[in-house]
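As structure tokens, the structure follows; a few thoughts come after it.
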Amino acid sequence: MLAQQFISKINLNGKTRLSCANPNTIMVDVPAEELQATARYVLNELHGRFISSAGADKRDIAGSFEVNQVFGLDQDKLFMVLRTEIEPTQPVIPSITPFIPGANWAEREVRDLIGVTPTDHPDPRRLVLPDDWPEGVYPLRRDFRYNEHPAANSDGRWKMRTPPPDSSVLPIGPFFPTLEEPVFINLFVRGEKIVGLDYRGFFNHRGIEKMADAELTYQQAIYLAERICGICGTVHSVCYCQAVEEAAGIQIPERALYLRSFYLELERVHSHLLWIGLACHFIGFDTLFMQAWRIREPFMWLSEYLTGARKTYGIAAIGGVLRDIPQDGPERIHPVIDRIEKELLAVVDAIQGDGSLRQRLLGTGVLSNEYARAYCVVGPTARGSGVDIDARRDHPYAAYADLDFEVCVEQGGDNWARTMVRIREVLESIKIIRQVLVKMPAGPIKAEVDEIPPWKVGVSSVEAPRGEANHYLLTGPVQRAYRWRVRAPSYNNLQGIPAMLQGQNIADAPISVGSLDPCFSCTERMGVIDQDSGEVRVYRQAELTEMFIASRSHERRSQAKKG
Amino acid sequence: MFKHTISELKEALVCLQAGQVTLAYPLQPHPAEENFRGKPVVDFERCIGCGACAKVCPPRLIQLTDADGYREVSYTLGRCTYCGSCRDVCPAQAVQMSPLFETATPQIEDINISIRLKLLTCRECGETIATQRMAKRVENALHEAGYSHTENVNLCLSCKRKLGLNSPAWIQEVTR
């Protein structure tokens, strides 16, 4: 249903104002005092699903801050943005986290980066900014330069949550041992059982949004968007292009739509095969790790042939795609995908009865349907818990409206269910690739694009291998985004970890966290909690190096003694 | 238990069928695919120094510096992301993405590119207009389009105005 028609069905009180940003997006201007009631209405009456919050500093043009709460109305294939203007003299906004737990991080991020504080937020600690970042400096405000380095506040310390009584603390990280990515999880344990946890991530805030808002042109930002994720980069570049196209009302050629679907499914197949390998590596099943990656390799070569790179395809452009499939493309694509399908089925057939695999995956890391909805998780994590959402069907983009595919849903909610969802999705993706090659019409692959008009809003979703990626974009006056907010799928999936690990064994934590297929970023600091005194000590890199050298020389000495 | 054994046998079969797939790289070289986007190479003969590549480069590693009658186009390729934007936009087809991917080097200069092109100065005021190759390209284009008067190519915009050689309004609009 188009946004224009849908508006007539909405029954809100007179203080809110409804408008259409584009055919897929409804803007609702809500005064701050009505925000909670309106969000409840969207949640309960319109069956909205919270996606993200995007704060913007509009003091130079409108004299106020702006906070946008983005919801997906999945049943009606629409987005709804609750826009609240905030007076700079009193930058507070009522928190919606008490009844939408999935908004927890998004609201804290708005506070960290723009400086609009959610009142009555259940966890008001810092999220994105480092511990030594000075108070009262907000990097996404317009008057903060992109290359500014404020003096560090050396007193800043991370405030860890108090562990429950009678529990010990088991720190994992800041380098996650199996994923080789930076994240710091303090597990609170009683014996082998996990009774709670505290999470600290965002060790390397890369300032991607700031670069695109302050320096890069629309065209340059596409490549920056592609580098948000090393595995599903095309998702973000296409999502960014779609957001710009939505905002500017650009129609793109049909062949380009099909090509986008093609490249996105290409990426999904390789990403899921990568994950299957990694998941097996997490549980020590390295045979399957090797086999999954062996199956994946011809696909990487195919991608290199089709796009010019194994990863970061670099195909997205505003108005279409940059590269068509080569003339002899289909002749090379078919044998590779046929082979992958056959080999994957052989492997799946082999592992289904594997006792050790079943023991590690069945019944571990259970995320109930209720929690999955509450924390607004997306992608295979949601579908493994019986939440039937998929942006390809719910918010059709590219050519998905014309393609026939199944949304794979499992009810178990455990690691096994998430694994099965991904395996089934690889097979579905191969089906989609075949359909695209048959149905793709001839024609141009890129539309001519004029200047992008300022102050338009574009909201766009793309179903990444990890779940729905969402971009909110407000166009600016000088051919670059005024505000661009990226919600990567892991952002919400990671918030489901506490619910998922509650009551689990420690040994199942790595695979359970890994089963989200998460993406973290980089750090070089480490906190250790002394279990007797409960004191937190932070080691610097030099100290760690010394400790490492000392332990190695100790090892060598004891080996020499044995010899 | 029985099911488990069958499963393990099947897994062994998968591994045996696959055999050894790793290559003895680098002893056994493995060339990239033909469309591969490797290290950008610039044809010095073709480059006209227009700077279109510098405008689109996302990591902004291409710099133009005008000094002493020469324009230097420099590529600091240590920051290259191999996106191919410079190739896509080059009007002279001077940039190509080569299949080179083994670019590790202890000498950073090895992977940098620098081109020096002579600048054209205004015959009246001496102001820099463009590179000589760009002017030549404009001249050629004008000749091909049937214009014979190309003697004013070496005049800067403000001198053209002073001499009453104002371009029609629509040209000013496009060249603004």
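The values are calculated or read from the model by the stated rules, or taken from the named source; none is laboratory data. Being a predicted model, the structure only gives us computed values, none of them experimental. Here the Cβ is made from the backbone with ideal geometry for all residues, glycine too, and neighbour counts use every protein chain on show. Just so you know, the surface numbers come from the protein's heavy atoms only, side chains and all, with ligands and any DNA or RNA stripped out. Shrake-Rupley method; radii C 1.70, N 1.55, O 1.52, S 1.80 Å.
Using a probe radius of 1.4 Å on heavy atoms only, what accessible surface per residue do you get for segment A:208-494? Whole Å² is fine. Don't jump to the answer; show the numbers that get you there.
Details: 8760 Å² over 287 residues.
Ligands and nucleic acids excluded, the figure is 31 Å² per residue.
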Here the relative contact order (percent) of chain B, from C-alpha pairs under 8 Å and at least 6 apart, is 20
Dimensions in Å of segment A:217-275 - Rg and Dmax from alpha carbons | 12.3, 36
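What does the convex hull of the Cα atoms of segment A:208-494 come to per residue, in Å³, rounded to a whole number? Please list the in-between numbers first.
Working: hull volume 33.8 nm³, N = 287.
Roughly 118 Å³ of hull volume per residue.
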Taking accessible area as the heavy-atom solvent-accessible surface of the protein chains with a 1.4 Å probe, which residues of segment A:343-371 lose no less than 30 Å² upon going from the isolated chain to the full protein assembly?
-> A:Asp349, A:Ala350, A:Gly353, A:Asp354
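Can you give the relative contact order of segment A:208-494 as a percent, counting alpha carbon pairs under 8 Å and 6+ residues apart?
Numbers: 516 pairs, mean separation 81.6, N = 287.
After rounding, I find 28 percent.
Taking each pair of different alpha-carbon atoms in segment B:1-85 once, compute 1/r for the pair, average those values, and report the inverse of that mean as the Kirkwood hydrodynamic radius in Å to one decimal.
Working: mean 1/r = 0.0555 Å⁻¹.
Here the Kirkwood hydrodynamic radius works out to 18.0 Å.
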Distant-in-sequence amide H partners of B:Leu119 (H built 1.01 Å from N, under 5 Å) | B:Tyr70, B:Arg71, B:Gln132
Which value, in Å², gives the accessible area per residue of segment B:96-141 when a 1.4 Å probe is used on the protein heavy atoms?
-> 67
Per-residue HN-Hα couplings for segment A:347-357 [Karplus 6.51, -1.76, 1.60; θ = phi - 60°; Hz; x = Gly/Pro] | 5, 4, 4, 5, 7, 4, x, 5, x, 5, 5
Per-residue HN-Hα couplings for segment B:66-81 [Karplus 6.51, -1.76, 1.60; θ = phi - 60°; Hz; x = Gly/Pro] | 9, 7, 6, x, 10, 9, 9, 9, 10, 10, 9, 6, x, 9, 5, 9
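Residues of segment A:1-63: accessible area per residue at 1.4 Å, in Å²? Intermediate values should be presented prior to the final figure.
On the way: 3030 Å² over 63 residues.
Counting only protein heavy atoms, the per-residue value for segment A:1-63 is 48 Å².
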What Kirkwood radius, in Å to one decimal, follows from the Cα pairs of segment A:123-223?
-> 16.3
Cα-projected label distance for A:Gln5 with B:Thr128, points at 7 Å along beta-carbon direction, nm = 5.9
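With the Cα gyration tensor of segment A:61-123 in hand, give its eigenvalues times 5 under a square root as the equivalent ellipsoid semi-axes, listed largest first in whole angstrom.
Numbers: eigenvalues 90, 53, 15 Å².
For segment A:61-123, the semi-axes come out at 21, 16, 9 Å.
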For segment B:30-168, the accessible surface attributable to carbon and sulfur atoms (probe 1.4 angstrom, ligands and nucleic acids excluded) amounts in percent to 51
Translational D in µm²/s for segment B:115-165 (Stokes-Einstein at 4 °C, 1.567 mPa s, Kirkwood Rh from C-alpha pairs) = 113
Column: log10 I(q)/I(0), Debye, Cα scatterers of segment A:3-160, q = 0.12, 0.17 Å⁻¹ = -0.55, -1.00
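If R₀ is 25 angstrom, what is the calculated FRET efficiency for the pair A:Val478 and B:Glu34, using the beta carbon separation as r and rounding to 0.05? Before the final figure, lay out each step's value.
Working: r = 39 Å, r/R0 = 1.57.
Efficiency, from the Cβ-Cβ distance: 0.05.
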Roughly how tilted is helix B:2-18, in degrees to the nearest 10 and between 0 and 90, from the longest Cα axis of chain B?
-> 50
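Could you compute how much accessible area chains B and A hide from each other, both sides summed, with a 1.4 Å probe? Nearest 100 Å² is fine. Show your work: numbers first, answer last.
Values: alone 12880 and 23600 Å², together 34030 Å².
Counting both chains, the buried surface is close to 2500 Å².
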May I ask you to list the residues of segment A:1-35 whose amide nitrogen lies under 18 Å from a point 7 Å from Cα along the Cα→beta-carbon direction of A:Trp455?
-> A:17-22, A:27-30
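According to the Cα gyration tensor, what semi-axes, each the square root of 5 times an eigenvalue, does the equivalent ellipsoid of the protein assembly as shown have, listed from largest to smallest in whole Å?
Values: eigenvalues 404, 229, 169 Å².
One finds semi-axes of 45, 34, 29 Å for the protein assembly as shown.
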Residue-wise HN-Hα coupling along segment A:486-491, computed from phi with Karplus coefficients 6.51, -1.76, 1.60 (Hz; x: Gly, Pro) | 10, 10, 7, x, 4, 3
Collect residues whose amide H, placed 1.01 Å from N in the peptide plane, falls under 5 Å from the amide H of A:Leu78; neighbours closer than 5 in sequence don't count.
-> A:Leu73
Quick one: if you stick a label point 7 Å off each Cα along the C-beta vector at A:Ala152 and A:Arg125, how many nm between them?
-> 2.0
Cβ crowding within 10 Å averaged over residues, with A:76-83, A:244-251, B:139-146 ranked highest first | A:76-83, A:244-251, B:139-146
Scoring only Lys, Arg, Asp and Glu (+1, +1, -1, -1) among other residues with Cβ under 15 Å from the Cβ of A:Gly412 yields +1
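Tally the DSSP beta bridges in chain A and give the antiparallel ones as a percent, rounded to 5.
Details: 59 of 67 bridges.
Bridges in chain A are about 90 percent antiparallel.
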In segment A:3-160, what % of DSSP beta bridges are antiparallel (nearest 5)?
-> 75
Summing -39500 (n - 2.57) over every DSSP H run of at least 4 residues in chain B and dividing by its residue count gives a helix-only mean residue ellipticity at 222 nm, to the nearest 500 deg cm²/dmol, of -8500 deg cm²/dmol
Contour minus Cα-Cα distance for A:Glu192 and A:Leu170 (0.36 nm per residue) = 6.9 nm
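Expressed as a whole percentage, what fraction of the accessible surface of chain A belongs to carbon and sulfur atoms when a 1.4 Å probe is rolled over the protein heavy atoms?
Values: 11530 of 22430 Å².
That fraction is 51 percent.
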Counting pairs of alpha carbon atoms under 8 Å apart in space and at least six apart in sequence, what relative contact order in percent does chain A give?
-> 15
Show the residues, 5+ positions off or on another chain, whose built amide H is closer than 5 Å to the amide H of A:Tyr482.
-> A:Leu474, A:Thr475, A:Gly476
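Can you give the translational diffusion coefficient of segment B:30-168 in µm²/s, computed by Stokes-Einstein from the Kirkwood radius over Cα pairs at 20 °C and 1.002 mPa s? Write down the numbers at each step before the final one.
Numbers: Rh = 16.9 Å.
For these conditions, the coefficient is 127 µm²/s.
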